[in-house]
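Written out below as structure tokens is the structure these notes cover.
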């Protein structure tokens, strides 16, 4: 309804009175005070006029044929547009509790018809002032819709119960239809906006049809309707037959999709009340959906207006806006790159932290025997010096043996120091921060660096098999590629350890398993080759439902505190940055199989010839 039409009817009062004499008296009194009055004879007729004329206030007699004044007020309060219209109930009745019932139904005031006309006018003007402050500025094309109820029950059965229920629902202002044969129902029932019911009432105790099967069919139809964005109807079942398996039957009823189950023994009035509750929720959801659709339509209109305004803007303004957008985009991209770099470094530090204990053990072993050999060499040299000082000592052979022993110990010390040097060098190679630099790397050497850092984690029982059939050289981001390989192999070792039997202590606590690293060139159909890393393990494998989430950030199958959930997520992003792919599947022996494929770039000035196939080699770490 346009705004001007609403203003024209702001002072129009809707009088609902079945008595012609009373209606004429009240109408003359109100028109004498400057009001425009439109009179109808029943509550149903009043609801039907709301789409044509939205009044500023409703004056209703409580005792009306069919729907009474309280039921009319209740219907107005169930609609988002009409719920703010004031409702004044006039009645001559003095029954106890009548005023309370009227006010609880949603009326704003309750005044006897015998009251002073001036008091009635004062109350009307006060209610109109409140309504004017909260009235909507624009109204939808269709203001009010009466709820539609479908009753599915056989006509011959329950001749009194069904008509009484239908009469009660019609007195509540609902449009009620009776469907005696549910086989005539079709899915199109829920797609006709002018006839789709808000609530379906099904007789579950009749023998003419299977009520549960009707519920299932209706629920299947409304689930499809729900996916299209509509508000589906409610389903209420009425059961009056005594059942020995009442609990089991109730469970089957609700599993069939029913929303409420009521016994016929409660009577038509109470049954209508339960239906009224379902209908009220349904209509409120309809209003919410309508308001949301209108909001989205307004947003689309605003966006269209802004787009049109931008289209007619000057070239200078467009250029300035484009330049600003480019600056913001570049700034956002820079922050994204910085954040990604910090995230990669965080994951790397987490991996390094996990390896600290193992690396400390690797360094501590050579340091221990270096210190022990140092003391042996010191004592031997002291003895030789003592022999030299005593020229009368004929122990020439003893001096030679001591010197040979010292030379052997010095050699062992040299070997231990080189071991420490290699560990430190491998750490430096792994932890360098030049991730963004592409360079030519020796793949076998890089993989051995990772193996060296994982020595303690792999232990003495996990066999690492190497099968390098790809070229030695690859042009890539070396540190990031190391990070990917290390995360996958570390996870494989953890999986093998987690799959060990409970009696692992019998074998001295040594985890047994196998990891294979296979590299080869894959020839694609587009003429470009891919450098492929395949890493398999003999662990328990990865469940199919977990495979779908394994590359999500912060998702981990490890216990709390044992994993960050960043390792594979970072690995996935690193491989994508190389325009490659990372996938997971099942290995032939039942474990996990990770496949890394990146475009093969031999690097500038490198022939990139494939390396000769190397035999399968084993190494127990």
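What follows draws every value from the coordinates through simple rules; no lab data is involved. Predicted model only: the values in this text are computed from it and were never measured. Every residue, glycine among them, receives a Cβ derived from its backbone with ideal geometry; neighbour counts consider all protein chains shown.
Can you figure out the FRET efficiency of residue 251 with residue 226, using R₀ = 25 Å and their beta-carbon distance, to the nearest 0.05? The calculated FRET efficiency here is 0.65. Estimated at 0.36 nm per residue, the fully extended path between residue 52 and residue 270 surpasses their Cα-Cα distance by 75.1 nm. In nm, give the distance between the simple-model label positions of residue 195 and residue 400, each being 7 Å from the Cα along the Cα-to-Cβ direction. That separation, rounded to one decimal, is 11.9 nm. Within region 148-294, the proportion of C-alpha pairs whose separation exceeds 19 Å stands at 51%.
A simple spin-label model places the labels of residue 465 and residue 28 10.9 nm from each other, with each point 7 Å out along Cα-to-Cβ. Fully extending the segment from residue 417 to residue 20 would add 131.5 nm, taking 0.36 nm per residue of separation and subtracting the current Cα-Cα distance.
Consider a paramagnetic label point 7 Å from the Cα of residue 12 along Cα→Cβ; state which residues of region 32-72 have an amide N under 17 Å from it. Only 34-42, 45-60 fall inside the zone, counting backbone N under 17 Å. Counted residue by residue at 0.36 nm each, then reduced by the alpha carbon distance between them, the extension gain from residue 285 to residue 92 reaches 65.8 nm. Here the Debye sum runs over all C-alpha atoms of region 198-274 as equal scatterers in vacuum, and log10 of I(q)/I(0) at q = 0.18, 0.19, 0.24 Å⁻¹ comes out as -0.74, -0.81, -1.16.
For the pair residue 522 and residue 304, label points projected 7 Å from Cα toward Cβ lie 4.8 nm apart.
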